[in-house]
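These notes concern the structure reproduced below.
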Amino acid sequence: MGRYDDIINLEHPISERHSRMSAHDRAAQFSPFAALSGYNEIISETGKTTDTRPELDEEQLQHLNEVFSKILESLQSKPLVKGVCFVADTFREGGHTEVFSARVRNIDFAESALILSDGRSILFQDICELNICY
C-alpha cells in the first residue's frame, strides 16, 4: 500500500472563506525576488572601463578653430556637422568618446557650447574632432 493512497483520489478542498487564486497571482508567488535592489547595476558599473580625456595638439586645435569660424559664417543655414566628443562618466573619473552628427542650431558663447538641432549641448572643451559636411 502506498503512502498517500488514502488521499490521492479525494477532491481538491474548496474554501468557504477565500476565493480561488487566479493563475497569474499564483505564478507571481514564484517569481524571482531581488533582495539587493540595484546590486546588479553596481556590479555592471564596476566592470566598466573608462578612458582619459584626449589631449589635443596644436594642429588639432587650429583645425577646430577653423571649423568654428566656418560654422559662425554659415550659422543661419544651420550647417550639418560630424564630430567626436568626450563624455565624462558620472560615477568615476574618465569617460568615453562618442561620435555625433547633427545640424548646429546655435553657439552659446556664455556657456562655451555648441547647441545642436537635436537638443544636445556639447561644451567646446569636450569636442575632440569636428567637421562641416557640405
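The values are calculated or read from the model by the stated rules, or taken from the named source; none is laboratory data. Computed from a predicted structure; not experimentally measured. Because the Cβ atoms are built from the backbone with ideal geometry, glycine has one as well, and the counts that use them run over all protein chains shown. The protein model used for the area step is the full one, side chains on, heavy atoms only, and it has no ligands, DNA or RNA in it. Shrake-Rupley method; radii C 1.70, N 1.55, O 1.52, S 1.80 Å.
Of His24, His12, His63, which has the largest mean-square fluctuation in a 10 Å C-alpha GNM of the chain? Among His24, His12, His63, the largest GNM mean-square fluctuation belongs to His12.
Placing unit charges on the Cβ atoms of the charged side chains and taking the dipole of segment 21-107 about its Cα centre, the candidate lying farthest along the positive direction among Val67, Ala27, Val87 is Ala27.
Just checking the listed ones, Arg120, Arg26, Arg105: in the Gaussian network model of the chain with Cα springs under 10 Å, the one fluctuating most is Arg26. Applying 1/(1 + (r/R0)^6) with r as the Cβ-Cβ distance of Thr46 and Asp6 and R0 = 41 angstrom yields a FRET efficiency of 0.10.
For Lys70, a cut-off of 16 angstrom between C-alpha atoms picks up these lysines, skipping any fewer than 8 places away in its own chain: Lys78, Lys82. Considering only protein heavy atoms, what per residue accessible area in square angstrom results for the chain with a 1.4 angstrom probe? Using a 1.4 Å probe on heavy atoms only, each residue of the chain averages 83 Å².
Computed on the chain, with alpha-carbon pairs under 8 angstrom and 6+ residues apart, the relative contact order is 21 percent. Once semi-axes √(5λ) of the Cα gyration tensor in Å is worked out from the coordinates, which option in (i) 38, 18, 9; (ii) 64, 20, 12; (iii) 26, 22, 14 does it equal? Calculated semi-axes √(5λ) of the Cα gyration tensor in Å: the matching label is (ii).
Taking the C-alpha atoms only, the angle from helix 58-73 to the longest principal axis of the chain is near 90 degrees. With the simple spin-label model, which puts each label point 7 Å out from Cα in the Cβ direction, the His24 to Val99 separation comes to 4.4 nm.
With contributions of -39500 (n - 2.57) from each DSSP H run of at least four residues, the per-residue ellipticity at 222 nm computed over the chain stands at -6500 deg cm²/dmol.
Put Thr52, Thr46 in order of accessible area, highest first, and with a 1.4 Å probe you get Thr52, Thr46. Simple point charges give the picture: +1 on the Cβ of Lys and Arg, -1 on the Cβ of Asp and Glu, and for segment 1-111 a dipole about the Cα centre of about 540 debye.
Each part reduced to its alpha carbon centroid, segment 1-71 and segment 112-134 end up 34 Å apart.
Taking a Cβ cut-off of under 12 Å around Ser101, the surrounding Lys, Arg, Asp and Glu residues balance to a net charge of 0, with basic ones at +1 and acidic ones at -1.
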